[in-house]
Amino acid sequence: MKVRAIGALALGAALVVTAGCGKVAEKAAEKTAEKVVEDQTGGSVDFDADDGGIDIETEDGSLSIGTGDVPEEWPADIPLDVFEVETSSSSRTDGLSIYLSGPASSSVDDVVAAYRDALSDWDETGDLSSSTGDFESATVSFEDGDRTLTLNVVEDAGDTQVSLSYSAPE
């Protein structure tokens, strides 16, 4: 059932995103997407596309996918000044999950060092890095009690992308 629900939500979100310009087309796409997802999941869904983002509400939780807005639930003790947030999503089902990504002007090593320094009171639970030619990547995981943060940094031919995946119980 979960795979079917995820597929239906992805299809619904794609319908809303590709709806074209104009409020009438946007509302029609939202209603069509809601119907498709509700038929597949048996639940009640509310899509709301606003400013390029999508909000999905069901009885089981919520999902927000946006462009550049950091969710208000983002913890203040995890810095975001290392990169520019271009994409964000958050969901609430069995807890809080937030994903942020965007470009950085620093190297992989500098981004990783900045987060290690900022989260020095967190436990580092994993570290994986690789480098081949112009490509370099690093993934570092941190834990603070029940909270987890995974930092992924990729640099390809001088362009650095950062993603953070945060989760915490309700």
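Here's how it looks for S106: its modeled amide H is under 5 Å from none belonging to a residue 5 or more places away or on a different chain.
What net charge do the residues around D123 carry, taking every other residue with its C-beta under 11 Å from that of D123, with Lys and Arg at +1 and Asp and Glu at -1?
Around D123, the surrounding residues sum to -3.
Test of understanding: what is the full-extension gain from S130 to E59, defined as 0.36 nm times their sequence separation minus their Cα-Cα distance?
Values: separation 71, 0.36 × 71 = 25.56 nm, distance 4.17 nm.
Full extension from S130 to E59 adds 21.4 nm.
Laboratory data are not the source of any read-out in this text; all were calculated from the coordinates shown. Only a predicted model underlies this, so the values are computations on that prediction, with no experimental measurement involved. Virtual Cβ from ideal backbone geometry, glycine too; neighbours counted across all protein chains shown.
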